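Worksheet: one structure, shown below.
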Amino acid sequence: MHTHSLADYMKCIYRDDWQGVGELMLSSANKLAKVGADFLICPDNTIHQALPYIQAQLPLKWLHIADAVAAQAVGRQFRRLGLTGTRYLVESDVYPEKLKARGLEYVPPEPGERDEINRIIMEELVYGVFKPEAIAAFQRVMERMKNQGCDAVILGCTEIPLLMDDTNSPLPTLDSTRLLARFALRRAVQAKAVAAH
């Protein structure tokens, strides 16, 4: 496991420097490859936006978080997904590209909802602040998505599951962080089984 500080990443993100984000990711990737990692993952959805900038230079295969979510959605026979996450994530191609490749539709938050969700994530959740008003805000967004034909919602940020889950969401939830962890575990077990033969 290796990471640079969130502050280093946010400096790049705030100035829309996705190449810089990618260089931080690549730095971690190279360190992990040197200490014997078999593949790479990152639980942060937003920074996956920088992967295309460094894909050709990666020392190991990177398991994409949106692939893990899309695979679960297909497996559970969901067809149209609501997408929640930071403003940077929901305005990027991180999920649309992977969902469309599997024949899945998606509904992003509307502009005002994006700003409110981003504010809740960046000003409350990352600081461990959990407010009933924030739950209500997410529920309103998810209810609208449900009314627009969504049959599940992607919790596309590491912090959102601290607030929302199947018990308080109007839609079944796809917790991207947990799904990626399970995806990686399956990959590691399969690799070990292949190596044993």
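The values are calculated or read from the model by the stated rules, or taken from the named source; none is laboratory data. Quantities reported herein were computed from a predicted structural model and do not represent experimental measurements. Each accessible area value is taken on the protein alone, full model and side chains, heavy atoms only, with ligands, DNA and RNA left out. Shrake-Rupley method; radii C 1.70, N 1.55, O 1.52, S 1.80 Å.
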| Relative to the longest principal axis of the chain, what angle (0 to 90°, nearest 10) does the C-alpha long axis of helix 65-75 take? | 60 degrees
| task | Per DSSP H run of n ≥ 4, the term is -39500 (n - 2.57); total these for the chain, divide by its residue number, and report the mean residue ellipticity at 222 nm rounded to 500 deg cm²/dmol. | result | -15000 deg cm²/dmol
| remark: Heavy-atom accessible area of the chain with neighbours in place, 1.4 angstrom probe: carbon+sulfur share in percent works out to 52 percent
| So who's got an amide H within less than 5 Å of the one on Gly82, skipping anything under 5 residues away but keeping other chains? H placed 1.01 Å off N, in plane. | Val107, Asp151, Ala152, Val153, Ile154
| When ligands, DNA and RNA are left out and all protein chains stay put, how many square angstrom of accessible area per residue does the chain have with a 1.4 Å probe? | 52 Å²
| request: Can you spot the aspartates and glutamates whose alpha carbon is less than 13 Å from Lys31's alpha carbon? Ignore those fewer than 8 places along the same chain. | output: Glu23
| query | P(r) tail for the range 69-197, what percent of Cα pairs lie past 26 Å? | reply | 23 percent
| request: For the range 1-69, list log₁₀ I(q)/I(0) at each q in 0.13, 0.17 Å⁻¹, using the Debye formula over Cα point scatterers of equal strength and ignoring solvent, two decimals each. | output: -0.33, -0.56
| query | What share of all Cα pairs of the range 7-140, in percent, falls into each consecutive 10 Å distance bin? | reply | 11, 35, 36, 16, 1
| task | Taking every pair of alpha-carbon atoms in the range 109-159, give the share separated by more than 13 Å as a whole percent. | result | 59 percent
